[in-house]
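Coordinate-derived values only; no laboratory data. Being a predicted model, the structure only gives us computed values, none of them experimental. Please note: Cβ atoms are built from the backbone with ideal geometry, for glycine as well, and neighbour counts cover all protein chains shown.
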């Protein structure tokens, strides 16, 4: 028999959040956004291809709900063949192979737009903890212990509007755990609005 931690029990028993309502919001907003943003996304895909050799889309294995891996979609912002490591590890190793178009995409988080497909598929939510790489073992373990792993990962989240890449792993987990304990549609809407503001300023982007 699996023994749940106190954090996991709080998350599982939270009465303030409706998974069905959240999924409905994800489907409606995700599908509508894909339709409305299709011309922009096509233009960005072309810009990526013209700027540097390689495909427009970047596919990467990430850790999803329950620790299950899934393929995350992004517009490619780095030179093809760049090591598959986290942004934080690249900063520590002084690896920065970002393309010219990639700098613009990352500055305004436009590289994340293809993840709307992940949302419609049910692999991600609009709001949730950002999915980590399988190689980020300590971060994934800390999320598992905090019960955060039981949530669908999101395009944006509470940690993203409170520092994003400027946060340490422990701070990210603390913010993710706060969201897990307090999640609601109202909080999701608040995070989405704050995301629009933070994207405009580029705060925390690397």
A correct Stokes-Einstein calculation for region 20-197, using the alpha-carbon Kirkwood radius, 25 °C and 0.890 mPa s, returns a whole-number D in µm² s⁻¹ of 147
Computed from the beta carbon distance with a Förster radius of 35 Å, FRET efficiency for residue 35 and residue 174 to the nearest 0.05 stands at 0.45
